[in-house]
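**Q** Have a look at this one.
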Amino acid sequence: MAGRLEGKVAIITGAAQGQGAHEARAFVAEGAKVMLTDVRDEVIDAARELGNSARAMKHDVSDEDQWNAVVAETVAAFGKVDILVNNAGIFAPNPITETTKESYIAHFNVNQLGMFLGMKAVIEPMKANGGGSIVNISSGAGQRGYPDMIAYLSTKWAASGMTKGAARELAPFKIRVNSIHPGLIETPMITGAGGDADFMKEIASTVPLGKIGKTDDVVEPVIYLASDLSGYVTGSQMTMDGGTGL
Ligand SMILES: NC(=O)c1ccc[n+]([C@@H]2O[C@H](COP(=O)([O-])OP(=O)(O)OC[C@H]3O[C@@H](n4cnc5c(N)ncnc54)[C@H](O)[C@@H]3O)[C@@H](O)[C@H]2O)c1
């Protein structure tokens, strides 16, 4: 049976670990060619494990020249760009009074500016291709209010808003733009931010479905939005949070 992404070419940012790395593996398994990018060196190994269907580039999503290089290299390697998953992100939670201007700007640069630059960079190749799909990884923190994460939360709300605006603007070119809103997902982002076993257990007890999410819980919705299965879906928000936001 043909994969759901057979013949598609995708760029996935933040693909050295966590959700991005898992999405890259799943995309290749579904028949896509994938350019994995990340600021971390580990992205090179992550791509190597996927064989000829994958390439990797070191890439800071807040740098416009680097975005243009990623798009050019993807077209050179695989001939086109059909899909962009804007997944790279940082999360350094703090109360408002303890959030420095530097931390706020750092979140802006990666989570918000990086997403804007990514969408901007793929528009021309997607137009040339007759369309495409952009999947922006926002968060439950881009749909609701949470304490102690003002910098992160503001960028994720921006991701939700940019998705809606871009979906409107790019619909005439058959470029669809949707956002993904995970709840707490077990990745290095959470474990690295002090999410030890006790913390995870405590959070799990507050989730209506009774558990923390896994990268598997996010990858299927991302495949759906990236693929032609969602051909009439644009500007939508897809939430996978075990019911936390109910
Ligand atoms: N884990 C969660 O609970 C959760 C919940 C909601 C949303 N998200 C979002 O999901 C996405 C993936 O997060 P994750 O959980 O896999 O975390 P992660 O920390 O495991 O992965 C994030 C990746 O982004 C990369 N990155 C950071 N700055 C970058 C930059 N300037 N340029 C390129 N790459 C950069 C990191 O090196 C890392 O590999 C993020 O956008 C995150 O905000 C995560």
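The values are calculated or read from the model by the stated rules, or taken from the named source; none is laboratory data. Predicted model, so just to flag it, every value in this text is computed and none were measured. Cβ coordinates were reconstructed from backbone atoms using ideal geometry, including for glycine residues, and neighbour counts include every protein chain displayed. These area figures cover heavy atoms from the full protein model, side chains too; ligands, DNA and RNA do not enter into them. Shrake-Rupley method; radii C 1.70, N 1.55, O 1.52, S 1.80 Å.
**Q** What is the residue count in the stretch 41-51 for residues that are in a loop (DSSP other than H, G, I, E, B) and surrounded by fewer than 19 Cβ atoms within 10 Å (Cβ to Cβ)? I'd like the intermediate steps shown before the answer.
**A** From the stretch 41-51, those in a loop (DSSP other than H, G, I, E, B) are 41, 49-50; that's our starting set.
Checking which are surrounded by fewer than 19 Cβ atoms within 10 Å (Cβ to Cβ) leaves us with 41, 49.
Final tally of qualifying residues: 2.
**Q** Got at least one residue in the stretch 109-121 being buried (at least 19 other Cβ atoms within 10 Å of the Cβ), touching a helix residue (DSSP H, G or I) at 6+ places or on another chain (Cβ under 7 Å) and touching a residue at least 60 places away in the same chain (Cβ under 8 Å)?
**A** Checked against the condition, which is being buried (at least 19 other Cβ atoms within 10 Å of the Cβ), touching a helix residue (DSSP H, G or I) at 6+ places or on another chain (Cβ under 7 Å) and touching a residue at least 60 places away in the same chain (Cβ under 8 Å), the stretch 109-121 yields at least one hit.
**Q** In this structure, is residue 129 out of contact with any His (no Cβ under 7 Å at 6 or more places or on another chain), among the polar types (S, T, N, Q) and within 13 Å of the ligand (Cβ to nearest atom)?
**A** no
**Q** Consider the stretch 112-164. How many of its residues are polar (S, T, N, Q) and touching a Lys or Arg at 6+ places or on another chain (Cβ under 7 Å)? Please lay out each step first, then the result.
**A** Here is the first cut: in the stretch 112-164, the ones polar (S, T, N, Q) are 112, 129, 133, 136, 138-139, 143, 154-155, 160, 163.
If we keep only those that are touching a Lys or Arg at 6+ places or on another chain (Cβ under 7 Å) as well, we get 129, 133, 138-139.
Result for the stretch 112-164: 4.
**Q** Right, another one. Any residue that is modelled with pLDDT under 95 and aromatic (Phe, Trp, Tyr) - is there at least one of those in the stretch 231-245?
**A** No; the residues of the stretch 231-245 include none that is modelled with pLDDT under 95 and aromatic (Phe, Trp, Tyr).
**Q** Next up: Do you know which of the residues in the stretch 9-40 that are within 10 Å of the ligand (Cβ to nearest atom) and either at pLDDT below 95 or part of a loop (DSSP other than H, G, I, E, B) (or both) is surrounded by the fewest Cβ atoms within 10 Å (Cβ to Cβ)?
**A** The residue in question is 40.
**Q** Going by the structure shown, is residue 217 modelled with pLDDT under 95, out of contact with any helix residue (DSSP H, G or I) (no Cβ under 9 Å at 6 or more places or on another chain) and open to solvent by 50 Å² or more (accessible area, probe 1.4 Å)?
**A** Values: modelled with pLDDT under 95: no; out of contact with any helix residue (DSSP H, G or I) (no Cβ under 9 Å at 6 or more places or on another chain): yes; open to solvent by 50 Å² or more (accessible area, probe 1.4 Å): yes.
No.
**Q** For residues in the stretch 52-73 being under 12 Å from residue 15 (Cβ atoms) and away from the ligand (no atom under 15 Å from the Cβ), which is most open to solvent (accessible area, probe 1.4 Å)?
**A** 55
**Q** Can you find even one residue in the stretch 188-199 that is in contact with a Gly (Cβ under 8 Å, 6 or more places away or on another chain) and either in contact (Cβ under 8 Å) with a residue 12 or more places away in the chain or open to solvent by less than 10 Å² (accessible area, probe 1.4 Å) (or both)?
**A** yes
**Q** Taking the conditions exactly as written (within 15 Å of the ligand (Cβ to nearest atom) and either small (Gly, Ala, Ser) or in contact (Cβ under 8 Å) with a residue 24 or more places away in the chain (or both)), does residue 76 satisfy them or not?
**A** Values: within 15 Å of the ligand (Cβ to nearest atom): no; either small (Gly, Ala, Ser) or in contact (Cβ under 8 Å) with a residue 24 or more places away in the chain (or both): yes.
No: the conditions fail for residue 76.
**Q** Can you find a residue in the stretch 137-147 that is hydroxyl-bearing (Ser, Thr, Tyr), surrounded by 23 or more Cβ atoms within 10 Å (Cβ to Cβ) and away from the ligand (no atom under 16 Å from the Cβ)?
**A** Of the residues in the stretch 137-147, the ones hydroxyl-bearing (Ser, Thr, Tyr) are 138-139, 146.
This time we only want the ones that are surrounded by 23 or more Cβ atoms within 10 Å (Cβ to Cβ), so: 138-139.
Still in the running and away from the ligand (no atom under 16 Å from the Cβ): none.
No, the stretch 137-147 contains no residue that is hydroxyl-bearing (Ser, Thr, Tyr), surrounded by 23 or more Cβ atoms within 10 Å (Cβ to Cβ) and away from the ligand (no atom under 16 Å from the Cβ).
**Q** Mind checking which helices (runs of 4 or more DSSP H) fall wholly inside the stretch 99-213 and carry at least 3 residues that are over 20 Å from residue 68 (Cβ atoms) and not β-branched (Val, Ile, Thr)? Can you show your working first?
**A** On the way: elements: 101-107, 114-128, 150-170, 188-191, 197-204.
Qualifying helices (runs of 4 or more DSSP H): 101-107, 150-170, 197-204.
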